[in-house]
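The values are calculated or read from the model by the stated rules, or taken from the named source; none is laboratory data. These numbers were taken from a predicted model, which means no experiment stands behind them. Note that we place each Cβ from the backbone using ideal geometry, even for glycine, and neighbour counts take in every protein chain shown.
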Amino acid sequence: MERDLQRVGVINWFVLLVVGAASAIVAGYAASATGTVGVVFLCLGFLAALVSYFQMRLEERERLERLEYEELKKSRGSATLFQEAEGDTFPAQRSREQFERYLVPLFTALLFLSQGGAAWWFWKSLAKAAPPKLDHAPVAMALYALFALILFLLGKYSSGLARLKGQRLLRPGAGYLILGAFICFLAATTEAGAFFGLAKVDLFVAYGLCLVLGLTAVETLVGLVFEIYRPRVKGQAARLLYESRLIGLLGQPGGLITTAAQALDYQFGFKVSETWVYRFLEKALAWIILLQLGALFLSTVFVIIEPTEQGLLERFGRPVNGRAVLEPGLHFKWPWPIDIVYRYQTRRIQGFVVGEVPDPDLERERTVLWTRPHFRRREGEGSEMPGMLVASRGQAARSDTSEKAVPANLLTVSIPFQYQITNLQAWAYQHANSDQLLQDLANREVIRYLVNVDMEQIMSSGRLAAAEDIRQRVQARANDAHLGVNIVFAGLQDIHPPLGNKRTPVAAAFEQVVSALHQRQTNILYALAYAAEKIPSAEAEATNVLAQARNAAVTRVALAEGEAARFTNQMVAYEASPAVYLQRTRLDTLARALEPVRKYVLTATNTVDILMLNFEEKIREDLLTSGTILPPDVTPSATNK
Amino acid sequence: MKRNPITVFTAAVLLVIFACMLFTFQVRQTEVAVVTTFGRYSHSVTNAGFQFRLPWPIQKVYQFDHRVQSFERKFDETITKDQINVIIAVYAGWRIADPKLFLESFNGDTTRAEQTLEPVIRNAKSGVISTNNFSDLISTNQAELKFDQIEKAMLDAVQAQIKQTYGVAIESLGIKQLGLPESITSTVFERMRAERQRLVAGYLSEGERRAKITRADADAQANKILAEASGEAKRILGEADAKASQYYEAFRKNPDLAIFLMQLNALEQSLKDRAYLILGPQTAPFNLLNGAPGDAGAGVRK
């Protein structure tokens with residue numbers, strides 16, 4: 001019988017190995033994420049079954065050794081046998097003990113690392129997993145169903161054998177076999193889901209399996225720690241460290257409470273299996289689960305549409321007559337997969353940006369300037385895009401095909417658009433990527449508008465009209481394409497010359513024009529100020545000149561009149577004594593005229609002295625040395641007499 | 001043998017599901033389907049709804065999205081008729097027109113279909129652009145601009161190429177982006193800057209011109225005012241001279257005396273300020289220094 005058990009052990013790990021390999025091939029063939037993660041469970045099951053098989057063989061050897069020993073003891077009765085050391089007497093027992101003491105914890109630790117590592121790696125890599133291949137789904141589904149059947153039958157047989165014969169070493173393999181069966185069944189189900197258009201289910205189930213793998217890793221770790229503190233009862237067989245209760249639980253849902261009870265019994269010695277709760281759950285668990293599944297299925301007969309949404313109701317893929325669009329509120333329908341509702345955010349204002357996308361980090365500054373980057377940097381590009389081409393009236397007028405001039409300028413453009421879905425059926429049924437198409441149409445209309453408008457016009461007076469014109473054009477194009485949207489807003493608030501580059505700052509050049517305008521006005525105003533000063537000054541000067549002339553004229557006439565009158569009187573005096581009068585007049589005049597004059601009178605007439613007279617003006621020293629001004633008489637005379 | 005009702009129920013449900021999977025399929029409003037029997041085309045399903053089929057591997061169902069698919073070409077460089085390099089990106093809307101042909105042409109793979117359409121669209125785009133001048137693409141003159149016609153020509157060229165071949169129909173085609181290569185962009189930047197510099201220089205020169213004119217006008221006006229004032233002053237003085245001349249009649253009675261008196265007056269006026277006078281002892285009244293009358297031989301000697 002023991003030989004049969006060992007054979008079952010061999011079959012267990014062999015089947016797990018073969019099915020694991022086959023499952024890996026099928027997972028690759030059908031791009032099944034669930035199948036791929038399931039392979040990890042099967043491989044771990046293979047390792048656990050292999051280790052338990054070796055442990056089984058060691059126990060069998062020990063049992064045979066013990067029997068042999070008993071036989072020898074009975075036949076010889078020799079005392080010398082009892083004098084040998086126990087290790088020498090029972091080498092198989094010693095081997096088994098060494099195996100359980102060292103190899104089993106080591107294997108369990110490796111198992112923990114494998115489980116944890118695989119859970120972490122798959123959790124990260126599943127995001128990049130390709131969707132299941134629909135063409136291969138039926139084949140994969142059939143193969144997974146076959147694997148599930150094989151694993152289930154063998155697992156059930158092994159677990160039954162383990163329970164009936166009390167062979168605990170068959171349990172780990174049996175648990176993994178049944179779990180493998182369920183995973184293969186799940187993989188078949190996800191393939192069916194993908195076949196029916198629910199490709200995402202495969203990914204969700206794969207994530208769920210990753211979670212289970214992580215939990216088994218935690219359980220293995222906790223088991224290792226508990227093993228250290230577990231109370232040792234003499235004669236009680238130690239629990240298999242690498243046997244997962246969680247896997248046993250998942251592999252045998254019917255034994256949920258049994259496993260829980262066994263765990264409690266094992267750790268605390270409390271007999272849960274004798275309580276009424278256990279007995280009730282054992283009987284009703286399947287019905288409860290079935291009821292839950294039924295309730296879940298029936299919950300698909302009603303749907304609640306949120307205030308921002310509308311729903312499309314389809315029956316076997318066809319819009320339901322009269323109820324094709326569901327408004328916000330509660331609605332009843334046939335259960336899935338007969339009726340399916342697709343939700344859309346139709347009432348919410350949605351938006352996109354044509355051209356440069358503003359960078360919220362850069363725009364956080366209080367002032368947004370043309371000369372500073374304020375748009376989101378795109379991959380592989382400079383700080384901002386070169387801009388959109390816009391027509392130039394001046395360039396167009398000068399353009400000459402022989403010169404190959406480019407009659408265009410570049411503008412940095414960032415135009416936010418806002419829209420609402422007004423006809424959900426048109427939006428959802430006409431185009432596969434309606435939002436992308438709307439963005440393409442808006443881009444096209446902006447380009448089309450810019451290539452036919454003068455740059456300076458659109459940047460200044462034509463801006464508001466241009467925004468409205470672009471909105472209407474995009475609306476018209478959207479209507480032509482039957483997109484079923486209302487373009488609520490198109491803003492032209494961010495349209496300006498490009499930043500340029502370091503060598504050629506374009507936006508800064510536009511600002512310099514404004515500076516030049518101000519400089520021009522400044523120069524004109526300074527000139528006007530000069531004129532405003534110059535002319536009144538000249539007028540004042542003219543008035544002064546005229547006044548002086550008038551004064552001089554009056555003086556001249558008056559003097560002439562006075563001199564004439566005086567001369568008449570002087571004539572009388574002169575005629576009385578001409579010589580005396582002349583001399584007197586002469587001397588009076590000299591006395592008066594020479595009074596302030598510095599006079600040098602040379603009295604010697606017969607000398608040969610050379611007289612040196614210094615008439616040079618000199619700064620008086622006292623002016624330099626002190627504030628006191630001496631009278632001219634005190635000043636040392638520079639004259640030589 | 002007693003059977004567990006739960007097992008029976010579950011098995012029945014699973015059987016129904018499996019049977020549905022094998023014998024039926026759904027076609028959504030957005031889809032078309034092609035059914036093949038032992039690999040040979042059987043029929044196409046263009047109406048949405050519940051459909052029956054024979055199980056795999058007898059019949060196989062291929063379902064495709066029947067809606068208009070958006071397809072965007074990369075931003076790539078081409079050249080216009082007047083030899084100006086431009087960068088153009090186009091978008092296209094295409095849908096499956098013939099599901100059977102689509103299946104045969106692309107094995108039902110939309111990615112492969114777009115990869116196949118890409119060179120066709122690119123060829124049409126470059127071909128049409130090369131027959132138009134740059135000013136056909138961009139101009140303020142509405143009559144000169146042929147933007148819409150260029151798009152239409154591209155669409156016609158693509159449709160002519162793919163018709164009856166690929167099982168798809170191009171619904172729309174448009175220019176999504178239009179630009180210039182980086183080297184030309186730099187020169188456009190330079191030209192835009194030069195235009196601004198021209199304006200700057202113009203404004204500054206205009207300011208200088210108007211300032212100088214204003215100053216010159218002011219100077220001229222001031223000069224005129226002063227010149228007129230000077231002339232008027234001279235006229236006034238002339239009139240004064242004329243008026244004063246009538247008084248000079250009195251000097252005719254003794255011109256010599258009048259001249260003598262005038263000389264004295266002139267002498268007095270000329271010696272008023274900062275003069276040095278070197279006089280001989282014979283000059284009256286300093287001749288008195290040589291001896292007073294009645295004091296013969298007496299004199300001042302220094």
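Structure above, values below:
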item	result
Subset of region B:159-207 (residues that are in contact with a Ser or Thr (Cβ under 6 Å, 6 or more places away or on another chain), closer than 17 Å to residue A:390 by Cβ and of a type in the set (Gly, Ala, Ser))	none
Selection status of residue B:27, touching a Lys or Arg at 6+ places or on another chain (Cβ under 6 Å) and either surrounded by fewer than 18 Cβ atoms within 10 Å (Cβ to Cβ) or within 18 Å of residue B:167 (Cβ to Cβ) (or both)	no
Residue tally, condition at the interface with another protein chain (Cβ under 7 Å from one of its Cβ atoms) and closer than 15 Å to residue B:258 by Cα, over region A:577-599	4
Within region B:114-166, tally of residues that are part of a loop (DSSP other than H, G, I, E, B) and in contact with a Lys or Arg (Cβ under 7 Å, 6 or more places away or on another chain)	5
Residue check for residue A:122: within 14 Å of chain B (Cβ to nearest Cβ), modelled with pLDDT of 85 or more and either touching a helix residue (DSSP H, G or I) at 6+ places or on another chain (Cβ under 8 Å) or not in a helix (DSSP H, G or I) (or both)	no
Which numbered condition residue A:277 misses (of (1) in contact with a helix residue (DSSP H, G or I) (Cβ under 9 Å, 6 or more places away or on another chain); (2) surrounded by 12 or more Cβ atoms within 10 Å (Cβ to Cβ))	(2)
Candidate set: region B:96-139, residues that are basic (Lys, Arg) and either in contact with a Cys (Cβ under 7 Å, 6 or more places away or on another chain) or closer than 18 Å to residue B:154 by Cβ (or both); chosen: the one surrounded by the fewest Cβ atoms within 10 Å (Cβ to Cβ)	B:122
Verdict on residue B:193 being free of Cβ contacts under 8 Å to residues at least 60 places away in the same chain, farther than 24 Å from residue A:354 by Cα and surrounded by 20 or more Cβ atoms within 10 Å (Cβ to Cβ)	yes
Residue within region B:179-196 that is more than 26 Å from residue B:100 (Cα to Cα), within 21 Å of the chain's Cα centre (by Cα), part of a strand (DSSP E or B) and within 13 Å of chain A (Cβ to nearest Cβ) present	yes
Given (1) touching a residue at least 24 places away in the same chain (Cβ under 8 Å); (2) more than 13 Å from chain A (Cβ to nearest Cβ), number of the condition residue B:119 does not satisfy	(1)
Contacts under 7 angstrom Cβ, first residue in region A:470-494 being among the small types (Gly, Ala, Ser), partner part of a loop (DSSP other than H, G, I, E, B), 6 or more apart	A:484/A:422; A:484/A:423
Whichever residue in region A:125-137 is within 25 Å of the chain's Cα centre (by Cα) and not in a helix (DSSP H, G or I) and, among such residues, is farthest from the other protein chains (Cβ to nearest Cβ)	A:129
Only listed residue being under 28 Å from residue A:244 (Cβ atoms) and at pLDDT below 80, chosen from A:57, A:61, A:101	A:101
Any chance residue B:172 is in contact (Cβ under 8 Å) with a residue 60 or more places away in the chain and of a type in the set (S, T, N, Q)	yes
Lone unmet requirement of (1) closer than 29 Å to residue A:566 by Cα; (2) of a type outside the set (Lys, Arg); (3) in contact with a Leu (Cβ under 8 Å, 6 or more places away or on another chain) for residue B:255	(3)
Residues being under 18 Å from residue A:127 (Cβ atoms) and not small (Gly, Ala, Ser) - total across region A:187-203	5
Qualifying residue in region A:460-469 (condition: within 13 Å of chain B (Cβ to nearest Cβ), without any contact (Cβ under 8 Å) to a residue 60 or more places away in the chain and within 32 Å of the chain's Cα centre (by Cα))	no
Test: residue B:52 is within 10 Å of another protein chain (Cβ to nearest Cβ) and more than 59 Å from the chain's Cα centre (by Cα)	no
Hey, residue A:16 at pLDDT 85 or above and either assigned to a helix (DSSP H, G or I) or not charged (D, E, K, R) (or both) or not	yes
Test: residue in region A:208-225 that is in a loop (DSSP other than H, G, I, E, B) and small (Gly, Ala, Ser)	no
Sole exception among (1) farther than 17 Å from residue A:40 by Cα; (2) touching a residue at least 40 places away in the same chain (Cβ under 8 Å) for residue A:176, by number	(1)
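So that you can scan it fast, the table gives a plain yes or no per residue for (1) of a type outside the set (Lys, Arg); (2) surrounded by fewer than 16 Cβ atoms within 10 Å (Cβ to Cβ); (3) at the interface with chain B (Cβ under 7 Å from one of its Cβ atoms):
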site: A:499; (1), (2), (3): yes, no, no
site: A:507; (1), (2), (3): yes, no, no
site: A:514; (1), (2), (3): yes, yes, no
site: A:517; (1), (2), (3): yes, no, yes
site: A:523; (1), (2), (3): yes, no, yes
site: A:528; (1), (2), (3): yes, yes, yes
site: A:531; (1), (2), (3): yes, no, yes
site: A:534; (1), (2), (3): no, no, yes
site: A:542; (1), (2), (3): yes, no, yes
